[in-house]
1. With the requirement that a residue be over 20 Å from the mean Cα position of the chain (by Cα), in contact (Cβ under 8 Å) with a residue 40 or more places away in the chain and within 22 Å of residue 43 (Cα to Cα), what does segment 222-241 give you?
2. Does residue 31 satisfy being acidic (Asp, Glu), surrounded by fewer than 15 Cβ atoms within 10 Å (Cβ to Cβ) and either closer than 28 Å to residue 184 by Cβ or modelled with pLDDT of 95 or more (or both)?
3. Give the residue, chosen from 22, 3, 11, that is more than 21 Å from residue 256 (Cβ to Cβ), open to solvent by less than 60 Å² (accessible area, probe 1.4 Å) and at pLDDT below 95.
4. Please go through segment 329-367 and pick out each residue that is in a loop (DSSP other than H, G, I, E, B) and crowded, with 18+ Cβ neighbours inside 10 Å.
5. Suppose we filter 90, 41 for residues that are at pLDDT below 95, within 28 Å of residue 232 (Cα to Cα) and in contact with a strand residue (DSSP E or B) (Cβ under 8 Å, 6 or more places away or on another chain); which single one remains?
6. Please give the number of the condition residue 284 fails out of (1) open to solvent by 10 Å² or more (accessible area, probe 1.4 Å); (2) over 21 Å from the mean Cα position of the chain (by Cα).
7. Take the conditions assigned to a helix (DSSP H, G or I) and without any contact (Cβ under 8 Å) to a residue 24 or more places away in the chain and apply them to residue 52. Does it pass?
8. Under 9 Å by Cβ, and 6 or more places apart or on different chains, what pairs join a residue from segment 253-278 that is charged (D, E, K, R) with one that is assigned to a helix (DSSP H, G or I) and open to solvent by 20 Å² or more (accessible area, probe 1.4 Å)?
Amino acid sequence: MRLKRTFGAALAALVMTAAAGLANQGVTDSEIVLGEVEPLSGPPALLGVAHNLGVRLAIAEANAAGGVNGRRLRLVAEDDGYVSTRTIQSLRKLIAVDRVFALTAVSGSGQAIAALPVLEQSGIPAMIPIGPVTQLYEPPRPNVFVLGQAYDEGVRQLALYLADKYPGKKWGIVTQDDDYGVAVREGFNRARREKNMQVVFESVYRRGQQDFSSEMLRAKEAGVEVFIAGGIISENVAMLKEMEKLGIKPVTGIFWPGRVEAVLKLIGPASDGLYAVDYVAPLASAAGQRFMELARRHLNDREVQQINRYTMTGYASTRVLLAAIQRCGRQLTWACTIAELGKTRELDLGVMAPVSFGERERFSNQRVNIMRADFPNLTFRPVGE
């Protein structure tokens, strides 16, 4: 009850701010300016660039249809290089200098957590679809909307599936030494308790680590039969490559930050049969193919080649935001947009389960699916296909 009163008071204060005329920036008679922060350089750019393409696709689709209530959309994107201090600096620039109306993305999980004070203080409508973690929506913030599924729940569902499919096996897990790694471990440990899994090897690696020879040798010596590779991109590639050198191939599960087709190409044939979990459709699915057809109409050939699952999250999240803006009509304010986002109910975006938020629910809680890697076709397919 106390949380509800606090949330209600915060929302009321935000409405008063908007009513005072302080929350109409980024809107002219002919244009709405949106902003986002993501890693567009360095190794995480594989994810950030793809996400940016999804946002641009949603904007291009809307502009081709005449914009939103007669206003065209323009995006200002900032590169934070996956560094929290740069995330905060970029957000302050977008809000105070570029004066964007709303945010379509706020980088990764750790970066978004670090940026929460800036988001709360500003009151700007903010979508967070890249790194959904519990700290971003518990407690809920009136103006912050998290689209996707929590890291810990995703890992839990993956581990539960593998525990049922491969009972009585010896388990191993390697995770990163940050908020992402904590969430992965929490989800794994929940499944571990539920299924009484026999875990014989656990290790935490430092962020940015590339050499996993020691960890994989210890996993081999421990007799690991089912393994959770809790890295992102390059770390998972390094782990699987090292296992291949050692001549071992445990049943391996990876998490959606690394559930991109480029990872299969980097790992090579050893990636075939990898398990993954995700809440967006694989590109090889019917939904994925429809999405690719849409992308080819609005993006160039080089951009289409960079599409991965983060393009879908960027597209979906922006579509949710634009639908709320559309419902506000010509009298567009932060207060109206935030209120309409909270009224989102079963919005079908074509690339994931329908999205809903609520009056005090700022997390869409997407249903997840288990997939397997198909290396010969460099794609992932839902289990059972």
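1. Within segment 222-241, just 239 meets the criteria.
2. On the way: acidic (Asp, Glu): yes; surrounded by fewer than 15 Cβ atoms within 10 Å (Cβ to Cβ): yes; either closer than 28 Å to residue 184 by Cβ or modelled with pLDDT of 95 or more (or both): yes.
Here the answer is yes, as residue 31 does meet what is asked.
3. On the way: 22 fails: open to solvent by less than 60 Å² (accessible area, probe 1.4 Å); 3 fails: open to solvent by less than 60 Å² (accessible area, probe 1.4 Å).
Selected residue: 11, the only one of 22, 3, 11 that is more than 21 Å from residue 256 (Cβ to Cβ), open to solvent by less than 60 Å² (accessible area, probe 1.4 Å) and at pLDDT below 95.
4. Taking segment 329-367 and keeping what is in a loop (DSSP other than H, G, I, E, B), we get 329-333, 343-346, 348-351, 353-354, 356-362, 364-367.
The answer is 332, 333, 344, 349, 351, 353, 357, 362, 364, 365, 366.
5. Values: 90 fails: at pLDDT below 95.
After applying the criteria, what remains is 41.
6. Only one criterion is unmet by residue 284, namely (2).
7. Details: assigned to a helix (DSSP H, G or I): yes; without any contact (Cβ under 8 Å) to a residue 24 or more places away in the chain: no.
No: the conditions fail for residue 52.
8. If the second residue must be assigned to a helix (DSSP H, G or I) and open to solvent by 20 Å² or more (accessible area, probe 1.4 Å), the pairs left are 265/375; 272/375; 272/376.
The values are calculated or read from the model by the stated rules, or taken from the named source; none is laboratory data. Predicted model only: the values in this text are computed from it and were never measured. Here Cβ is always computed from backbone atoms with ideal geometry, including for glycine, and neighbour counts include all displayed protein chains. The accessibility values were calculated without ligands, DNA or RNA, using every heavy atom of the protein model including side chains. Shrake-Rupley method; radii C 1.70, N 1.55, O 1.52, S 1.80 Å.
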